[in-house]
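**Student:** Encoded as structure tokens, here's the structure I'll be asking about.
The values are calculated or read from the model by the stated rules, or taken from the named source; none is laboratory data. Predicted model only: the values in this text are computed from it and were never measured. Virtual Cβ from ideal backbone geometry, glycine too; neighbours counted across all protein chains shown.
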Amino acid sequence: MTTRNASPTPLTLLGLGDMGTALARAWLAAGHPLTVWNRTPAKAEPLVAEGAHVAPTVAEAVAAADLVVVCLLDDASVGEALAAAELAGKDIVNLTTSTPAQARERARWAQQRSARFLDGGIMAVPPMIGIPEAGGYVFYSGDHALFEQHRATLGVPAGARYVGTDPGHAALHDVALLSAMTGMFAGITHAFALMRPEQDVKPTAFAGMLTDWLRAMADMADGMAHQLESGDYTEGVVSNLAMMTTGNATLEATAEEQGVHGELLAPFMASMRERVAHGYGDEGLAGLVDLLRQR
Ligand code: FVH
């Protein structure tokens with residue numbers, strides 16, 4: 001557990017699921033006076049020995065500190081849990097995973113109750129919380145003054161990255177990164193499926209090659225970003241869409257030879273072909289961003 005240089009600000013934490021419990025332990029280890037509440041009270045018991053004060057109701061938990069962190073299952077549970085609490089004058093930091101629209105609506109909801117509001121998107125799993133070397137962090141957006149006032153406290157469980165006053169932006173950054181991760185996992189799954197029949201290639205040996213390759217290719221995101229900013233999607237292209245689309249036929253034929261269904265890659269390849277058919281074969285992948293947004 002970490003003990004960072006935050007002054008010991010008292011705070012309340014609502015929600016002691018896997019993530020909430022990890023957050024609680026990080027703040028307790030760093031010496032912050034912590035009041036906790038959970039719908040199922042038994043989950044709070046182990047934290048008492050670590051110094052947590054357990055509130056029997058949400059209202060009492062919220063009343064115990066000016067800074068109230070919420071980490072519940074989803075946006076609906078946040079509304080339900082906080083329905084009867086007096087929020088005027090409170091600083092609400094919502095770390096519950098939400099959509100951008102839900103976060104913006106939750107910010108309006110908080111404002112109507114005279115509370116300041118900051119939304120957060122956690123880019124970490126529970127074992128990474130309180131361990132700076134693990135590299136986890138939280139995107140924050142919304143009330144900037146709130147963020148600055150509590151930056152040190154919020155930085156205890158994981159790094160704090162503020163991404164703007166729009167309360168929806170933390171959720172949007174969170175979901176954009178998770179979406180990229182999902183596509184990457186689809187590719188990893190397909191690659192392992194291709195290799196699966198080969199008795200002489202151990203998955204653990206192949207995994208090393210896979211991760212080295214993905215790390216090297218991830219830098220392509222910078223090139224795409226420059227193209228999106230300049231509007232010139234041919235800028236610095238080393239592998240153009242026409243070439244990649246031709247190569248896709250080999251990927252598809254190999255999948256068939258290996259007995260692997262191409263369903264995870266097919267939609268992306270279809271978009272590449274469509275872009276080439278529209279006459280953009282000399283571009284890189286950036287044009288697919290426009291294609292997706294035109295549908
Ligand atoms: N765990 C993870 O790996 C991810 C990492 C990235 C961020 N997520 C988000 O964090 C939120 C909480 O996740 P969690 O892992 O703590 O989730 P659970 O262990 O399932 O705990 C859920 C807590 O929510 C409480 N709860 C559910 N419904 C209600 C309700 N209607 N009213 C009040 N509380 C409710 C639940 O209470 P109980 O079941 O113990 O009584 C837990 O405290 C989440 O948004 C992730 O997407 C985690």
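**Student:** Can you tell me which of ALA65, ALA49, ALA76 is farther than 18 Å from PRO126 by Cα and either within 12 Å of the ligand (Cβ to nearest atom) or crowded, with 22+ Cβ neighbours inside 10 Å (or both)?
**Tutor:** Details: ALA65 fails: either within 12 Å of the ligand (Cβ to nearest atom) or crowded, with 22+ Cβ neighbours inside 10 Å (or both); ALA49 fails: either within 12 Å of the ligand (Cβ to nearest atom) or crowded, with 22+ Cβ neighbours inside 10 Å (or both).
Step by step, each of ALA65, ALA49, ALA76 is checked, and only ALA76 is farther than 18 Å from PRO126 by Cα and either within 12 Å of the ligand (Cβ to nearest atom) or crowded, with 22+ Cβ neighbours inside 10 Å (or both).
**Student:** Return the residues of the stretch 158-189 that are touching a residue at least 12 places away in the same chain (Cβ under 8 Å), among the small types (Gly, Ala, Ser) and not in a loop (DSSP other than H, G, I, E, B); say none if nothing qualifies. Break it down into steps so the answer makes sense when it comes.
**Tutor:** First, the residues of the stretch 158-189 that are touching a residue at least 12 places away in the same chain (Cβ under 8 Å): 158-175, 177, 183-184, 186-189.
Adding the requirement that they be among the small types (Gly, Ala, Ser) leaves 158-160, 164, 168, 170-171, 183, 186-187.
Answer for the stretch 158-189, where residues must be touching a residue at least 12 places away in the same chain (Cβ under 8 Å), among the small types (Gly, Ala, Ser) and not in a loop (DSSP other than H, G, I, E, B): GLY159, ALA160, ALA170, ALA171, GLY183, ALA186, GLY187.
**Student:** Out of GLY284, GLY259, I need the residue that is outside any helix (DSSP H, G or I), modelled with pLDDT of 95 or more and surrounded by 12 or more Cβ atoms within 10 Å (Cβ to Cβ). Which one? First the steps, then the outcome.
**Tutor:** Numbers: GLY259 fails: surrounded by 12 or more Cβ atoms within 10 Å (Cβ to Cβ).
Criteria check complete, one pass: GLY284.
**Student:** Which one is nearest to GLY287 (Cα to Cα), of the residues in the stretch 213-250 that are among the acidic types (Asp, Glu) and loosely packed, with under 13 Cβ neighbours inside 10 Å?
**Tutor:** Going residue by residue through the stretch 213-250, those that are among the acidic types (Asp, Glu) are 219, 222, 229, 232, 235.
Then drop every residue that is not loosely packed, with under 13 Cβ neighbours inside 10 Å, which leaves 219, 222, 229.
Numbers: ASP219: 17, ASP222: 15, GLU229: 12 Å.
For the stretch 213-250, the residue satisfying everything is GLU229.
**Student:** Further question on the same structure: I'd like to check something: does the stretch 25-46 contain any residue that is of a type in the set (Asp, Glu), more than 14 Å from the ligand (Cβ to nearest atom) and either in the same structural domain as LEU118 (by TED's automatic domain parsing) or not in a loop (DSSP other than H, G, I, E, B) (or both)? Let's see the steps before the verdict.
**Tutor:** Kept after step one, since they are of a type in the set (Asp, Glu), are these residues of the stretch 25-46: 45.
With more than 14 Å from the ligand (Cβ to nearest atom) added as a condition, the list becomes none.
So far as the stretch 25-46 goes, no, none of its residues is of a type in the set (Asp, Glu), more than 14 Å from the ligand (Cβ to nearest atom) and either in the same structural domain as LEU118 (by TED's automatic domain parsing) or not in a loop (DSSP other than H, G, I, E, B) (or both).
**Student:** Among the numbered conditions (1) within 16 Å of the ligand (Cβ to nearest atom); (2) crowded, with 21+ Cβ neighbours inside 10 Å, tell me where ASP91 comes up short.
**Tutor:** Exception for ASP91: condition (1).
**Student:** ARG106 passes all but one of (1) near the ligand (Cβ under 9 Å from one of its atoms); (2) of a type in the set (D, E, K, R); (3) under 13 Å from ASP143 (Cα atoms); which number fails?
**Tutor:** It is condition (1) that ARG106 fails.
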